Amino acid sequence: MSPTSSEKRLAHESEDSGTPPIGSDAAGDGPPPIDPRHDHPFTHGFFDKDPGTVAARSAWIKTVVAGIVLVICVIWAVLSMYWAALGRTSGHIHNLSGYVVDFDGGQIGQAVTQTFADIHSPNQLTWLIKDASEFPNGPSDVAAALLDDRCWAAIAINPGASNALNAAVNAADASYNTSQAVTAYTTTARNENIYRTVISQNINTPLILASQNFALQFSRQLAARPDIATLLSTAPGLVTRPLYYIVDDLRPFDVPVAAAVDFVGLIYLLILALMMTNQLLAARVETGLARRLTLKSLILMRLLAPCIMYFPVTLMYGLLSQAFGVPFNRTFGHAGFVIYWMMSWCGMMALGLALESVLTLLTNKFLAYFLVLWIITNVSVSFYPIEVLPTIFRYGYAMPFYNVSKTVRTIVFNTKNQVGLNFGVQIAWIIVSCITLPFFQWFHRRREVMLWKKEQMKYKLES
């Protein structure tokens, strides 16, 4: 679209008049002009009582006080979200479910199942006692259900556990491993934080209790046996600990450096986007290019330039992670790195274009307040599973950080594949910015033109 006649006329008059340009993105910023006829710069103390210093000091105090009030509001309105995300999880642990499946049907199965059935607390996982018929292929089907994110943990009492124990007792078999009776399945790579702080304890505590109770019950049965002394001397473990378990971590979080790309590093991704947003702002204003371009050209430049800049930056970001040992080839082979690169690019566009859009309205002076909100709303839903957070945090399923993290976990740890959905969320954010930025820029250009006309009229009256 070519410049309109009014835009051409305004540009021509601006060049001829010599009127100082109005910053495209920072109009209204900067100190008020000083009239050299009535003031002497660099000669006053802070507490001087001359009219100029009194007025400047008063304006300074108002600005500082307003800043303090704004920061306090940010603390209670925005930062409190992160505190709530970390400090309000214990009462929502019951939103996480675990499966208990008895493939044994004997004494061991009954003991373990009853222990988990007696757990009723909002601070504990909700343990669902599942019928073995729902898993026709045995414990492997239970593991598959966990990998499909249908639960957060699974306890399988293995087939024939009670019969194997009784056979070992009758044969006084000291080589029998009692931990073969029960298998606890986990996937710590799904969210290492919740497993470390909550789920592991929710698995180990009931299983240890079941083991201790069963040992007491089983030892009473063995006490009546005439060969109890022989059993204690040859296979004491069958008496003292007849039931135990193993933990099978199907998707272990075994790459510590992955935290740099699935959580902490996402903050750096946003910071890099902010740095480029400020660079683009300086380039537009200091060169005067923003003032010379038509509205359409300015909008296209502001949308396309960041996307082009993010492309090589996210490539270097991905190569940095790969250089320090992040295995992107575990799930998709060599394509894994490309998928991660494209997700990082889309994620940076979702994060950075939002900054570009909001910058037009808030200017660089207030952009930091939005940045705090943008960081906190993203980080709060990425540390713990959204299921254990208060209901208000359900918005997190649609946040850029959360979806980048989900894709990284799929690529690096082979967790449930929802990469298509994760890309869709990022693209939706990009589209939102592509709609809001032109509208905000149109509104700002309209304001610029009005200010320019006032300056022109003032100039003509003075001349």
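Mind telling me which of the residues Val78, Val112 ends up being surrounded by 10 or more Cβ atoms within 10 Å (Cβ to Cβ), within 21 Å of Ile203 (Cα to Cα) and at pLDDT 65 or above?
Val112
Taking Val285 as the residue in question, decide whether it is surrounded by fewer than 18 Cβ atoms within 10 Å (Cβ to Cβ) and either touching a residue at least 24 places away in the same chain (Cβ under 8 Å) or touching a helix residue (DSSP H, G or I) at 6+ places or on another chain (Cβ under 8 Å) (or both).
no
Count, please, the residues in region 316-332 that happen to be of a type in the set (S, T, N, Q), closer than 24 Å to Leu274 by Cα and open to solvent by 50 Å² or more (accessible area, probe 1.4 Å).
Going through region 316-332 one residue at a time, the tally reaches 1.
Given the residues Ile308, Ile267, Ile299, Ile271, which is the only one that is of a type in the set (Val, Ile, Thr), in contact with a helix residue (DSSP H, G or I) (Cβ under 6 Å, 6 or more places away or on another chain) and assigned to a helix (DSSP H, G or I)?
Exactly one residue qualifies, and that residue is Ile299.
Within region 140-163, how many residues are over 25 Å from Gln418 (Cβ atoms) and open to solvent by less than 40 Å² (accessible area, probe 1.4 Å)?
Within region 140-163, residues that are over 25 Å from Gln418 (Cβ atoms) and open to solvent by less than 40 Å² (accessible area, probe 1.4 Å) number 7.
Conditions first: (1) within 27 Å of Met343 (Cβ to Cβ); (2) in a helix (DSSP H, G or I). Lys460 passes all but one, so which condition is the exception?
Result: Lys460 passes all but (1).
Could you tell me which numbered condition Tyr176 fails, if it satisfies all but one of (1) aromatic (Phe, Trp, Tyr); (2) within 15 Å of Leu250 (Cβ to Cβ); (3) touching a residue at least 60 places away in the same chain (Cβ under 8 Å)?
(2)
For region 205-247, which residues satisfy the criterion of being over 16 Å from Thr178 (Cβ atoms) and either surrounded by 17 or more Cβ atoms within 10 Å (Cβ to Cβ) or not aliphatic (A, V, I, L, M) (or both)?
Result: Thr205, Pro206, Arg220, Arg225, Pro226, Asp227, Thr230, Ser233.
Only one residue in Ala354, Ala335 is within 21 Å of Gln426 (Cα to Cα) and surrounded by fewer than 19 Cβ atoms within 10 Å (Cβ to Cβ). Which one?
Ala335
Looking at Glu192, Glu134 in this structure, which one is open to solvent by less than 30 Å² (accessible area, probe 1.4 Å) and of a type in the set (D, E, K, R)?
Glu192
Identify, from the list Phe423, Phe393, the residue that is buried (at least 19 other Cβ atoms within 10 Å of the Cβ), assigned to a helix (DSSP H, G or I) and touching a residue at least 24 places away in the same chain (Cβ under 8 Å).
Phe393
Working carefully through the options Thr410, Thr415, find the one that is at pLDDT 95 or above, in a helix (DSSP H, G or I), more than 17 Å from Met348 (Cβ to Cβ) and of a type in the set (S, T, N, Q).
Of Thr410, Thr415, the one residue that is at pLDDT 95 or above, in a helix (DSSP H, G or I), more than 17 Å from Met348 (Cβ to Cβ) and of a type in the set (S, T, N, Q) is Thr410.
From the list Ala215, Ala224, Ala184, Ala210, exactly one residue is among the small types (Gly, Ala, Ser), within 38 Å of the chain's Cα centre (by Cα) and over 18 Å from Ala143 (Cα atoms). Which is it?
Unique residue meeting the criteria: Ala210.
Cβ-Cβ under 6 Å, sequence separation 6+ or interchain: first residue in region 149-160 and over 17 Å from Pro136 (Cβ atoms), partner surrounded by fewer than 17 Cβ atoms within 10 Å (Cβ to Cβ) and of a type outside the set (Ser, Thr, Tyr). Which pairs?
Asp149/Lys416
Of the residues in region 427-457, how many are of a type in the set (Phe, Trp, Tyr), at pLDDT below 95 and more than 12 Å from Leu361 (Cβ to Cβ)?
Total meeting the criteria: 1.
Go through region 374-386 and give me each residue that's part of a helix (DSSP H, G or I) and either at pLDDT below 95 or under 21 Å from Val255 (Cα atoms) (or both).
Val379
Output the residues belonging to region 98-128 that are part of a loop (DSSP other than H, G, I, E, B), touching a residue at least 12 places away in the same chain (Cβ under 8 Å) and among the charged types (D, E, K, R).
Asp104
Restricting to region 55-99, name every residue that is aromatic (Phe, Trp, Tyr) and under 25 Å from Asn193 (Cβ atoms).
Answer for region 55-99, where residues must be aromatic (Phe, Trp, Tyr) and under 25 Å from Asn193 (Cβ atoms): Tyr82, Trp83, Tyr99.
Based on this model, can you work out whether Gly98 counts as open to solvent by less than 50 Å² (accessible area, probe 1.4 Å) and more than 30 Å from Trp152 (Cα to Cα)?
no
The values are calculated or read from the model by the stated rules, or taken from the named source; none is laboratory data. All figures in this text were calculated on a predicted structure; none of them were measured in a lab. When we count neighbours, we look across all protein chains shown, and the Cβ atoms used for this are built from the backbone with ideal geometry, even at glycine. Heavy atoms of the whole protein, side chains included, go into the accessibility calculation; ligands, DNA and RNA do not. Shrake-Rupley method; radii C 1.70, N 1.55, O 1.52, S 1.80 Å.
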